[in-house]
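Step one of this worksheet: look at the structure below.
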Amino acid sequence: MTSPDPVAPAGAVVVLPGSFDPFTLGHLDLARRAAAIAGRVVVAVSHNPSKRGLLDLDTRCGVIAEAIDADGLGGSVEVRPLPAGLLVDFCREIGARAVVRGLRNQVDLSYEEPMARMNAHLAGVDTMFLLSSPALAHISSSLVREVAGLGGAVDDMLPSASARALRAALAEREHRA
């Protein structure tokens, strides 16, 4: 008996979900690496009411699509808003074989593991964990927002479209204050 090929077939679809507020170079790296494993990656952009966001959903989707195109991934990576409801329902709807999640550290694993097990229980949807590239492992959207909000430089942690959108959102927030 032979073991199954660990790499997904070229036509396989995987979902990279997240709020991506903002979309970082770490996220782009995950999309790039997932596309090398699966034939098609759907970046599913969610609205998470438990997170205090800065960029609206349409802006995030547009910024991510621009970053994906600029990186040359437009043929294998697409961006979609994640509808309300269970992630596994969305996976079934688009025929996704797996969810892709990045892990920066042990804390991320502790957070992601129960969700991965629940997705498998509910719908047989597997989760592929990709370790963050070492040069990007310190980057998180929340830290980028915090540093940028306090006037720190973050452009080297973001695709250019994300950096522009973040600067605009922070200027708008300051203008309203």
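The values are calculated or read from the model by the stated rules, or taken from the named source; none is laboratory data. These numbers come from a predicted model, not from an experiment. Cβ coordinates were reconstructed from backbone atoms using ideal geometry, including for glycine residues, and neighbour counts include every protein chain displayed.
Quick notes
- Residue check for residue 26: within 23 Å of residue 118 (Cα to Cα) and under 11 Å from the mean Cα position of the chain (by Cα): no
- Where a residue in the range 36-49 is farther than 14 Å from residue 86 by Cα and among the aromatic types (Phe, Trp, Tyr) and its partner, wherever it lies, is outside any loop (DSSP other than H, G, I, E, B) and modelled with pLDDT of 95 or more, with Cβ under 9 Å and at least six apart: none
- Selected residue [in a loop (DSSP other than H, G, I, E, B) and without any contact (Cβ under 8 Å) to a residue 24 or more places away in the chain] from 74, 53: 74
- Taken over the range 95-105, the criterion of being under 15 Å from the mean Cα position of the chain (by Cα) and small (Gly, Ala, Ser) is satisfied by 98, 102.
- Residues in the range 38-61 include at least one that is of a type in the set (Lys, Arg), crowded, with 16+ Cβ neighbours inside 10 Å and either touching a His at 6+ places or on another chain (Cβ under 8 Å) or farther than 24 Å from residue 140 by Cβ (or both).
- Screening the range 95-130 for residues that are touching a helix residue (DSSP H, G or I) at 6+ places or on another chain (Cβ under 7 Å) and β-branched (Val, Ile, Thr) and picking the one that is farthest from residue 29 (Cα to Cα) gives 125.
- Candidates 159, 114, 83 - the one that is surrounded by fewer than 17 Cβ atoms within 10 Å (Cβ to Cβ) and either within 23 Å of residue 22 (Cβ to Cβ) or touching a residue at least 40 places away in the same chain (Cβ under 8 Å) (or both): 83
- For the range 106-124, the criterion of being within 16 Å of the chain's Cα centre (by Cα), of a type outside the set (Lys, Arg) and within 22 Å of residue 54 (Cβ to Cβ) is met by at least one residue.
- For the residues 151, 85, the requirement of being over 20 Å from residue 46 (Cα atoms) and in a loop (DSSP other than H, G, I, E, B) singles out 151.
- Selected residue (criterion: farthest from residue 103 (Cα to Cα)) from residues of the range 141-156 that are buried (at least 18 other Cβ atoms within 10 Å of the Cβ) and not basic (Lys, Arg): 148
- Those residues of the range 62-90 which are closer than 28 Å to residue 124 by Cβ and either touching a Lys or Arg at 6+ places or on another chain (Cβ under 8 Å) or of a type in the set (Lys, Arg) (or both), in sequence order: 73, 76, 77, 78, 80
- Unmet criterion (only one of (1) surrounded by 15 or more Cβ atoms within 10 Å (Cβ to Cβ); (2) farther than 22 Å from residue 145 by Cβ; (3) among the small types (Gly, Ala, Ser); (4) at pLDDT below 95) for residue 98: (4)
- Restricting 145, 101, 80 to those that are of a type in the set (Lys, Arg) and in a helix (DSSP H, G or I) reduces the list to 145.
- Residues of the range 86-111 satisfying the condition of being of a type in the set (A, V, I, L, M, F, W, C) and touching a residue at least 40 places away in the same chain (Cβ under 8 Å): 87, 90, 91, 94, 96, 98, 99, 100
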